[in-house]
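*Asks:* Below are the structure tokens for one structure; questions will follow.
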Amino acid sequence: MSNREFVIPVGPQHPALKEPESFLFTVDGEVVVDVEPRIGYNHRGIEKAMESRNYIQNLYITERVCGICSNAHQTAYTGAVEEVGGIEIPERAKYIRVFMQELERIHSHLLWLGVAAHEIGFDTMFYYVWRDREIVMDLLEEVSGNRCNYAMPTIGGVRRDLPKDKYPKWHKMLDTLAERTNYYIKVASTEKTILDRAVGVGYLGKEDMIRLSGSGPNARCSGVPCDIRKLSPYLIYDEIPFEHIVVDNGDVLGQVLVRVLEVIESVKICKWVLDNIPEGEITVKFNPLQRLPEGEAVYLVEAQRGELIHYTISDGRNMPYRHKIRAPTMGNIPSLVERLKGGYIADIPIVLAGIDPCFSCTDRMAFYDEGKAKAWTWTEGELSKYRKEWYSK
Amino acid sequence: MSLEEHAKVVEDLVKEFGDENVYNTKVPRVYRAFAHVNREKFREVVEYLKEKHGFTHITTISGVDMGDSYEIVYHLRGDGFSFSLKVPVPKDDPKVPSIVDILNGAVLYEREVNDLLGVFPEGHPDPKRLILAYDWPEDVHPLRKEWDIQKIRERVDGKRWGKDVE
């Protein structure tokens, strides 16, 4: 390090990332020379905890690995466990899992788009996008009862069915989303406020991206076709017609484009699922005390932020011997570090946010009664009273 | 790609390195394969897979405590084909050769395994602590089976969890 260079710590409490991460920036004037990441501020020992709980209890842990990707984690976890146990899930359950996964992708990508607009100081777009995101949040709430942590997949199927009479309404909501997203595609590719802050910022080429094993929109914006849904299809993704979105911009604009174009594809997939979903059971029985045969399984899922892997080893008990999870953000850090090098200090927030930050969003509790069609909220005291009455019945 | 093509890749690997170096292979379904690889030959195997069969992507590295030995599982991926290479490591010599110079993406995963399982990546450019706190005891590796939550608590905080804590 020459005497012209300074070291600036960014984080662990960083506004752009939910996962607290620390980055040590070495800067020469305005230019970033080197970056050193340090993670683990949010290390909760989940993999160790999973070794001492049974497969059903672990459902709840995997869901809480991340607030935004909760459904992706559960899809991967249940998939891996079912593969070890040789459990065949009903067709309808596969469709519902895909439906949830794509709704989650829409909500996550729109959330990211809003955050990215905020990071480059374009707050008008931030408010617009987050207003429109409420459509998909309402849809998720109608399907599962929750805005995040949907608790939909379970071992052997899914926990809730999609009521048929809602399909026309959901089609309409999805149409509105597609219409609004098309507008954002137009804005993102023509609006000078965005282009000035996004073109050429945080550039990384295709060779470097392959070398650093990036995944998800972060890699697809650099021209690497790496969508697991296409490469190694799981559930029913090999039957669904959708585009493999890859652009070769390699910069922040590419990341914006990949994500908005993927929202359009996800809307298409959701509509296809609603049109083609077969009738039938949604779950097969799985007993929490049931022992799985010895074996292992690798399950890859294309989560919103990239490739997600769950690797489970069973030694014949009713709990995993070892369960390994690698979330996409970890895989994208080496390429993020390359993206930051050579850039300006002012571009750090948007490039950091570029691989997709994550916000914990639920701080309210609402109840929705389908019969009465009204929503209300409860305080902690009322909730505790309800609990006591419920359990004393 | 089909199951036969995937099985062929695995067969080719066994033929190239011999069944004393690549063994216990299985191809449970399309897009998935597992194999045990000797530690001495491991770097050559990774290089061969990268050059000959296009396994340029590393998904992650899992460290597993198998009771009498450790097993480091490298999940490589070429297109959609996920190939898991397991490297057995004896408990009295917990080291693996680093593959960061072959697959740059492994740089953080090797540090993670070193933290949580205590298997040192020899030849890693910067094998610093990544996940555990800086003041975490050097000899406590949480994913080793001899450490359960009570023992970790006693060792790290000097007290037990549960009923006897006020």
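*Asks:* Would you calculate the convex hull of the Cα atoms in the stretch A:299-362 and tell me its volume per residue in Å³?
*Replies:* Numbers: hull volume 7.2 nm³, N = 64.
In the stretch A:299-362, the Cα convex hull volume per residue is 113 Å³.
*Asks:* P(r) of the stretch A:147-287 in 10 Å steps, Cα pairs, percent per bin?
*Replies:* Result, from short to long distances: 10, 29, 33, 20, 7, 1 percent.
*Asks:* Of all GluC sites (Glu not before Pro) in the stretch B:10-50, which ones are in loop regions per DSSP and have a Cβ with at most 11 other Cβ atoms within 10 Å? Walk me through the intermediate numbers first.
*Replies:* On the way: sites: B:Glu11, B:Glu16, B:Glu20, B:Glu40, B:Glu44, B:Glu47; in loops: B:Glu20, B:Glu40.
When the GluC sites (Glu not before Pro) of the stretch B:10-50 are filtered for loop state and at most 11 Cβ neighbours within 10 Å, B:Glu20, B:Glu40 remain.
*Asks:* So what does the Cα-only Debye profile of the stretch B:42-128 read at q = 0.11, 0.16, 0.19, 0.21 Å⁻¹, as log10 I(q)/I(0), no solvent term?
*Replies:* One equal scatterer on each Cα of the stretch B:42-128 leads to -0.27, -0.57, -0.80, -0.97.
*Asks:* Cut-off 10 angstrom, C-alpha nodes, Gaussian network model of chain A. Which of A:Ala116, A:Ala297, A:Ala93 fluctuates the most?
*Replies:* A:Ala297
*Asks:* OK, next. Quick one: Debye curve from the alpha-carbon atoms of chain B only, equal weights, vacuum; give me log10 I(q)/I(0) at q = 0.10, 0.15, 0.19, 0.20 Å⁻¹ to two decimals.
*Replies:* Here log10 of I(q) over I(0) equals -0.43, -0.83, -1.18, -1.27.
*Asks:* Give me the dipole magnitude in Debye, nearest 20, for the stretch B:3-126 about the Cα centre, with unit charges on the beta carbon: positive for Lys and Arg, negative for Asp and Glu.
*Replies:* Numbers: 15 positive and 23 negative charges, 73 e Å.
That gives a dipole near 360 debye.
*Asks:* What are the ³J(HN,Hα) values, in whole Hz, obtained from phi via the Karplus relation 6.51 cos²θ - 1.76 cosθ + 1.60 with θ = phi - 60°, for each residue of the stretch B:42-54 in sequence order, with x given for Gly and Pro?
*Replies:* Result, ordered by residue: 4, 4, 5, 4, 4, 4, 4, 5, 5, 6, 8, 10, x Hz.
*Asks:* Toward the positive end of the charge dipole of the stretch B:3-126, about the Cα centre and with charges on Cβ (Lys, Arg +1; Asp, Glu -1), which of B:Gly78, B:Pro94, B:Pro125 goes farthest?
*Replies:* It is B:Gly78.
*Asks:* Amide H neighbours of A:Arg322 under 5 Å, at least 5 residues apart or on other chains, H built in the peptide plane: list them.
*Replies:* Residues meeting the amide H criterion: A:Ile313.
*Asks:* How much net charge surrounds A:Ser22 when only other residues with a Cβ under 10 Å from its Cβ are counted (Lys, Arg +1; Asp, Glu -1)? Please list the in-between numbers first.
*Replies:* Working: positive: A:Arg38; negative: A:Glu21, A:Glu36.
Charge balance in the 10 Å sphere: -1.
*Asks:* If the only charges are +1 at each Lys and Arg Cβ and -1 at each Asp and Glu Cβ, what is the size of the charge dipole of the protein assembly as shown around the Cα centre, to the nearest 20 debye?
*Replies:* 1520 debye
*Asks:* Separate question: So what J values fall out for the stretch B:88-97 if you push phi through Karplus, 6.51 cos²θ - 1.76 cosθ + 1.60 with θ = phi - 60°, rounded to Hz, Gly and Pro as x?
*Replies:* Going residue by residue, I get x, 10, x, 5, 7, 9, x, 9, 10, x Hz, with x marking Gly and Pro.
*Asks:* Cut-off under 19 Å on the C-alpha distance; same-chain residues fewer than 8 positions from A:Lys388 excluded. Which aspartates and glutamates are left, in chain and number order?
*Replies:* Straight-line reach from A:Lys388, under 19 Å: A:Glu380.
*Asks:* Could you pull the Cα extents of the stretch B:28-72 along its three principal axes, largest to smallest, in whole Å?
*Replies:* Cα spread of the stretch B:28-72 along its principal axes, largest to smallest: 34, 27, 17 Å.
*Asks:* To the nearest 20 Debye, how big is the dipole of the stretch A:171-240 about its Cα centre, given +1 on the beta carbon of each Lys and Arg and -1 on that of each Asp and Glu? Walk me through the numbers on the way to the answer.
*Replies:* Numbers: 10 positive and 9 negative charges, 31 e Å.
Magnitude of the dipole: close to 140 debye.
*Asks:* Please report Rg (one decimal) and Dmax (integer) in Å for the Cα set of the stretch A:38-158.
*Replies:* Final numbers for Rg and Dmax: 16.6, 51 Å.
*Asks:* If you project the alpha carbons of the stretch A:46-368 onto the principal axes, what extent comes out on each, in Å, largest first?
*Replies:* On the principal axes, the stretch A:46-368 reaches 58, 45, 38 Å in Cα extent.
*Asks:* What is the set of long-range amide H partners of A:Ala297 at a cut-off below 5 Å, with H atoms built 1.01 Å from backbone N?
*Replies:* It is A:Thr312, by chain and number.
*Asks:* Quick one: what are the phi-derived ³J(HN,Hα) couplings along the stretch A:220-234, Karplus 6.51/-1.76/1.60 with θ = phi - 60°, whole Hz, x for glycine and proline?
*Replies:* With coefficients 6.51, -1.76 and 1.60, one gets 5, 6, 9, x, 9, x, 9, 6, 4, 4, 8, 6, 9, x, 10 Hz.
*Asks:* Rank A:Thr75, A:Thr176, A:Thr329 by mean-square fluctuation in a GNM of chain A with C-alpha springs under 10 angstrom and give only the top-ranked residue.
*Replies:* Comparing A:Thr75, A:Thr176, A:Thr329 in a Gaussian network model of chain A, the most mobile one is A:Thr176.
*Asks:* Would you mind telling me which residue in A:Glu281, A:Glu119, A:Glu104 has the biggest mean-square fluctuation in a Gaussian network model of chain A, where springs connect alpha carbons within a distance under 10 angstrom?
*Replies:* A:Glu281
*Asks:* For A:Gly157, which sequence-distant residues (separation of 5 or more, or a different chain) have an amide H within less than 5 Å of its own amide H, given hydrogens modelled in the peptide plane?
*Replies:* A:Val284
*Asks:* If you line up the Cα atoms of the protein assembly as shown on their principal axes, what length do they span on each, largest first, in Å?
*Replies:* 66, 64, 60
*Asks:* Name the lysines eligible as straight-distance cross-link partners of A:Lys164: C-alpha to C-alpha under 21 Å, and not fewer than 8 places from it in the same chain.
*Replies:* By straight Cα distance, A:Lys164 reaches A:Lys94, A:Lys172, A:Lys268, A:Lys271, A:Lys372, A:Lys374.
*Asks:* Using the Kyte-Doolittle scale, which helices in chain A average at least -1.0 and also have C-alpha atoms spread 24 Å or more along the helix axis, with helices defined as whole DSSP H runs? Can you show the working numbers first?
*Replies:* On the way: long enough: A:91-119 (42 Å, -0.18); A:123-144 (31 Å, -0.17); A:167-190 (35 Å, -0.72); A:252-276 (36 Å, 0.97).
Helices meeting the criterion: A:91-119, A:123-144, A:167-190, A:252-276.
*Asks:* Just to confirm a number: summing +1 for Lys and Arg and -1 for Asp and Glu over residues other than A:Asp315 whose beta-carbon lies under 11 angstrom from that of A:Asp315, what do you get? Intermediate results must be reported in sequence, preceding the final value.
*Replies:* Values: positive: A:Arg291, A:Arg317, A:Arg322; negative: A:Glu51, A:Glu294, A:Glu296.
Value of the local net charge: 0.
*Asks:* Taking Rh as the Kirkwood radius, which is the inverse of the mean 1/r over Cα pairs, what is the Rg/Rh value for the stretch A:116-227?
*Replies:* Details: Rg = 18.4 Å, Rh = 17.3 Å.
Ratio of gyration radius to Kirkwood radius for the stretch A:116-227: 1.06.
*Asks:* Under 10 Å from the Cβ of A:Asp238, count the other residues' Cβ atoms, weight Lys and Arg +1, Asp and Glu -1, and hand me the total.
*Replies:* Working: positive: A:Arg229, A:Lys230; negative: A:Glu239.
Counting the neighbours of A:Asp238, the net charge comes to +1.
*Asks:* While we're on this one: Give the aspartates and glutamates whose C-alpha is closer than 15 Å to that of A:Lys186, dropping any in the same chain fewer than 8 places away, or say none.
*Replies:* A:Glu262
*Asks:* Per residue of B:59-68, what is the mean number of Cβ atoms on other protein chains within 10 angstrom of that residue's Cβ? Kindly include the intermediate steps, with their values, before the conclusion.
*Replies:* Details: counts 11, 12, 2, 10, 3, 6, 3, 4, 2, 0.
Going residue by residue through B:59-68 and averaging, the value is 5.
Any read-out appearing in this document is the output of simple, stated calculations on the displayed coordinates, not a laboratory observation. Small disclaimer: the values here were computed from a predicted structure and weren't measured. Cβ sites come from the backbone with ideal geometry, for glycine too, and all protein chains shown count toward neighbours.
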